[in-house]
1. Need the full-extension length gain, His37 to Leu78, defined as separation in residues times 0.36 nm minus the C-alpha distance. One decimal, nm.
2. Give me the extension gain from Ile62 to Lys20: residue separation times 0.36 nm, minus the current Cα-Cα distance, reported in nm with one decimal.
3. Below 14 angstrom from the Cβ of Tyr19, what's the summed charge of the other residues (Lys, Arg +1; Asp, Glu -1)?
Amino acid sequence: MSNNLEGYTGGRRKANVIYKPIHLLYTRPRSECEFFHYQEESGAYIAYCKVLGRPLTKDEAIKCENYWRTCPFRRIGLQMEESGVSTG
């Protein structure tokens, strides 16, 4: 498992450190949010938010799955897209 995954925030490149106890998911995460994605790593999963530019904790991933329609980060991402700003 890679401990340093690259992410982007505010146009600056930043290394994201993965802490297995808080980031690793053992079931495939599912969210209909257009800014959500995940990577499979050694039979487990790591969820990411393109707006935040970082991996999501287990708790954040669950919230993203269940409450993606009302997520404030999704709202920011949609506003950024309307303004022509890339979210990754």
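1. 13.2 nm
2. So the chain would gain 13.5 nm between Ile62 and Lys20.
3. Residues close to Tyr19 contribute a combined charge of 0.
Bear in mind these aren't lab numbers, they're just calculated from the coordinates by the rules spelled out. Quantities reported herein were computed from a predicted structural model and do not represent experimental measurements. Note: ideal-geometry Cβ built from the backbone for every residue, glycine included; neighbour counts use all protein chains shown.
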